[in-house]
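The values are calculated or read from the model by the stated rules, or taken from the named source; none is laboratory data. Here the structure is a predicted model, which means the values were calculated and not measured. Quick reminder, even Gly has a Cβ in these numbers, built from the backbone with ideal geometry, and neighbours come from all protein chains shown.
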Amino acid sequence: MYKVFFNESLLTFCNQSRKEAKNVLFQNESQFDEAFHLLSSKSSTDVNIYSDKIDEVWAKFLKYYKLIQAAGGIVRNTNDDFLFIFRLGKWDLPKGKMEKGETKEESAIREIEEECSITGLKLERFLMPTYHIYFLEEYIIKETFWFEVAYNGTERPIPQTEEGIEAVEWKSKDEIPHLLKNSYPNIKLLTEYYLDLL
């Protein structure tokens, strides 16, 4: 199953219908627009496009709208605290758009360094991609590649205020469930997946 978030709503791509969703049997690409019309009009907050060739449908979906790629990470220090940023009224994780010629790994490190003003980061492993879509004159799909990142330094993180980041804070594992109540669905998905690996 593939999951794409649109504000607080969910669009899934499955090889079968889902009982809890508004289901759309894939026949042609215009149904992508139909799905987002359902989500944006709030007539449904959970839409599922299904097909027995769902990987092919997913590939078409990624080419149908403008795709922007980004990378970031869940940063963990030697005290087993996790680095969160506060931006636009919500708790988030450091990430940003990949620059031309960058690898996912290079982009993740650069963005964390820029947004939080810490260096000496070490990528541990790739975790997962997340997808969300937003409208800015056209529908744009943002594909974000997430990594587990280790930090063993002592620098005090400083928010990149020009990017709208108000705070950068280390949070304990016990604090994370409370933070996720005021976060984004893709951050909840990623963080819960990661915590299950620990």
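Just a few scattered comments:
- Lone qualifier among Leu10, Leu25 - being within 26 Å of Lys97 (Cβ to Cβ), touching a residue at least 24 places away in the same chain (Cβ under 8 Å), among the aliphatic types (A, V, I, L, M) and not assigned by TED's automatic domain parsing to the domain that holds Met98: Leu10
- Any hit, the range 54-66, residues being assigned by TED's automatic domain parsing to the domain that holds Thr12, buried (at least 18 other Cβ atoms within 10 Å of the Cβ), touching a residue at least 40 places away in the same chain (Cβ under 8 Å) and among the β-branched types (Val, Ile, Thr): yes
- Every residue from the range 153-174 that is among the acidic types (Asp, Glu), part of a helix (DSSP H, G or I) and either within 18 Å of Thr191 (Cβ to Cβ) or under 17 Å from the mean Cα position of the chain (by Cα) (or both): Asp174
- Qualifying residue in the range 136-152 (condition: assigned to a strand (DSSP E or B), surrounded by fewer than 14 Cβ atoms within 10 Å (Cβ to Cβ) and not basic (Lys, Arg)): no
- With respect to (1) modelled with pLDDT of 95 or more; (2) in contact with an Asp or Glu (Cβ under 9 Å, 6 or more places away or on another chain); (3) under 30 Å from Val47 (Cα atoms), the lone exception for Glu114 is condition (3).
- Lone qualifier among Ile85, Ile68, Ile74 - being assigned to a strand (DSSP E or B) and farther than 21 Å from Thr191 by Cα: Ile68
- Against the list (1) within 30 Å of Lys19 (Cα to Cα); (2) without any contact (Cβ under 8 Å) to a residue 40 or more places away in the chain; (3) surrounded by 15 or more Cβ atoms within 10 Å (Cβ to Cβ), the condition Ser107 fails is (1).
- Counting only residues that are among the charged types (D, E, K, R) and under 20 Å from Tyr134 (Cα atoms), the range 1-21 holds 2 of them.
- Filter result (farther than 11 Å from Val47 by Cα and in contact with a strand residue (DSSP E or B) (Cβ under 7 Å, 6 or more places away or on another chain)) within the range 1-22: Met1, Tyr2, Asn15, Gln16
- Failed condition for Glu102, given (1) in contact with a Phe, Trp or Tyr (Cβ under 9 Å, 6 or more places away or on another chain); (2) surrounded by 14 or more Cβ atoms within 10 Å (Cβ to Cβ): (1)
- Within the range 153-182, being of a type outside the set (A, V, I, L, M, F, W, C), within 17 Å of Asp81 (Cβ to Cβ) and surrounded by fewer than 18 Cβ atoms within 10 Å (Cβ to Cβ) holds for Gly153, Thr154, Glu155, Arg156, Glu169, Lys171, Ser172, Lys173, Asp174, Glu175, Pro177, His178.
- Picking from residues in the range 1-30 that are crowded, with 16+ Cβ neighbours inside 10 Å and outside any strand (DSSP E or B), the one that is nearest to the chain's Cα centre (by Cα) is Ala21.
- The condition (being closer than 19 Å to Thr12 by Cβ and out of contact with any helix residue (DSSP H, G or I) (no Cβ under 6 Å at 6 or more places or on another chain)) is satisfied by just one residue among Pro185, Pro159: Pro185.
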